[in-house]
1. State yes or no: is K185 within 11 Å of the ligand (Cβ to nearest atom) and touching a residue at least 40 places away in the same chain (Cβ under 8 Å)?
2. Hey, which of the helices (runs of 4 or more DSSP H) in segment 276-362, taking only ones fully inside, have at least 3 residues that are surrounded by fewer than 20 Cβ atoms within 10 Å (Cβ to Cβ) and either within 25 Å of the chain's Cα centre (by Cα) or among the β-branched types (V, I, T) (or both)?
3. Pull out all pairs, ordered by first then second residue, where Cβ-Cβ is under 7 Å, the residues are six or more apart or on different chains, the first lies in segment 69-91 and is part of a helix (DSSP H, G or I), and the second is of a type in the set (K, R).
4. Quick one: is K118 part of a loop (DSSP other than H, G, I, E, B), more than 16 Å from the ligand (Cβ to nearest atom) and of a type outside the set (G, A, S)?
5. Between residues in segment 28-51 that are over 20 Å from K168 (Cα atoms) and residues that are among the hydrophobic types (A, V, I, L, M, F, W, C) and in a loop (DSSP other than H, G, I, E, B), which pairs lie under 7 Å by C-beta distance while being six or more apart or on different chains?
6. Can you name the residue in segment 125-176 that is in a strand (DSSP E or B), within 12 Å of the ligand (Cβ to nearest atom) and not hydrophobic (A, V, I, L, M, F, W, C) and, of all such residues, is nearest to A256 (Cα to Cα)?
7. If you scan segment 245-283, which residues turn out to be touching a helix residue (DSSP H, G or I) at 6+ places or on another chain (Cβ under 7 Å) and more than 16 Å from the ligand (Cβ to nearest atom)?
Amino acid sequence: MIPFLDFQAQYNSIKVEINEAIQRVLNRQFFILGPETDAFEQELAEYLGTKHVVTVNSGTDAIIMSLRILGIGKGDEVITPVNSFIATALAITEVGATPIFVDIDPDTYEADVNQIEKKLTKKTKAILPVHLYGLMCDIDSIMKIAKNFNLFVVEDACQAIGSSYKGKKAGTWGNIGTFSFYPGKNLGAYGDGGAMCTNDKELYEKMKMIRNYGQTQKYHHKTLGYNSRLDEIQAAILRVKLKYLDMWNVKRNEVANEYNKLLVDIKTQNIPKGFFSNYHIFLIESSKRDDLREELEKNGVQTLIHYPVPIHLQECYKNLGYKNGDFPVAEKTAMKILSLPIYPEVNNTDIKHTAKLINNFL
Ligand SMILES: *Cc1c(COP(=O)(O)O)cnc(C)c1O
């Protein structure tokens, strides 16, 4: 069986270090906002090439709190791609703002930036671009639009830790970048986790406040806050894993290259020049997607679909009034894409086996 993901293989390769890190926290008996969290935030800031990192409970919380501290709420509009994990839009509606969707590019599957300006209104306050599947979107164009129209940019880099464009990392372009340490992400905790990063000292102070009940000092609450923090055990685990992230991302690229080499006449995600993808997800396209998926499953290859239903057609957003046909590229893409197993430990035999099954079937 070739699983879609293999946590066990990764754990086996770093078991001694991970166990030691967890033991260190247990011996210390300090669990929230302690030395591991401080150290991880510093190490991640250094890794990203940004001034400040504030860890939180999840990627979703990171986006919600980023919007909150930028003052985005009721009556405001936020531009975002219609193809993403639901959490991106949930964060916008959670703060009371309205998501304004743009369709995607049919080859990169990232936001079609040409549609952004047409969607701007007096109510537009921010752009929430997503670096989906590990590939960064056209962030250069987005930053230009944001500058011209005086908009905030909060990057959803939850799938793109370690990815870059022109050598500058995902999450470090906008006012705030957000990350997720959900176990299945490229830098995964053994539980939930997330982070916000910024170069802005004022935003940094607000981040530290909002994740911790809005307090500046114990029992003194300046703003309305949340309880959303990364715990010390997760921070200790992530400190170990961060050291391996670049190596793992390179290995994922090797897996992707191998798939691309072996798959005959099959459309895969276009990674334009200048972009380094962390290959969080590797997708292929097929008009016979559902049958292909069944064939692979029968032969022991697990696949997933990211994502079967574009956000504007999700039941929870019925109230937004969108219908089939509003975002044709995303809708068509959702019916064709299939995600293949990709992680550093996939071996060449597995890749060959999977590619052969696909080539033979199509
Ligand atoms: C995983 C993910 C999130 C949310 O992260 P959680 O830690 O699961 O809350 C947000 N956006 C995207 C694109 C994601 O993939």
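The values are calculated or read from the model by the stated rules, or taken from the named source; none is laboratory data. Fair warning: this is a prediction, and the values are worked out from it, not measured in the lab. Cβ atoms come from the backbone with ideal geometry, glycine included; neighbour counts cover every protein chain shown.
1. Answer is yes for this residue.
2. Of the helices (runs of 4 or more DSSP H) lying wholly inside segment 276-362, those with at least 3 residues that are surrounded by fewer than 20 Cβ atoms within 10 Å (Cβ to Cβ) and either within 25 Å of the chain's Cα centre (by Cα) or among the β-branched types (V, I, T) (or both) span 328-336.
3. I69/K206
4. No.
5. Every condition considered, the pairs that remain are T37/L230.
6. Across segment 125-176, the extreme among qualifying residues is D156.
7. Answer for segment 245-283, where residues must be touching a helix residue (DSSP H, G or I) at 6+ places or on another chain (Cβ under 7 Å) and more than 16 Å from the ligand (Cβ to nearest atom): V255, E258, Y259, L262, L263, V264, I266, T268.
For every residue, the table says whether it meets (1) more than 18 Å from M207 (Cα to Cα); (2) buried (at least 21 other Cβ atoms within 10 Å of the Cβ); (3) in contact with a Ser or Thr (Cβ under 9 Å, 6 or more places away or on another chain); (4) not basic (K, R).
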{"position": "L5", "(1), (2), (3), (4)": "yes, no, no, yes"}
{"position": "N12", "(1), (2), (3), (4)": "yes, no, no, yes"}
{"position": "R24", "(1), (2), (3), (4)": "yes, no, no, no"}
{"position": "F40", "(1), (2), (3), (4)": "no, yes, yes, yes"}
{"position": "V56", "(1), (2), (3), (4)": "no, yes, yes, yes"}
{"position": "L90", "(1), (2), (3), (4)": "yes, no, yes, yes"}
{"position": "D103", "(1), (2), (3), (4)": "yes, yes, no, yes"}
{"position": "K119", "(1), (2), (3), (4)": "yes, no, no, no"}
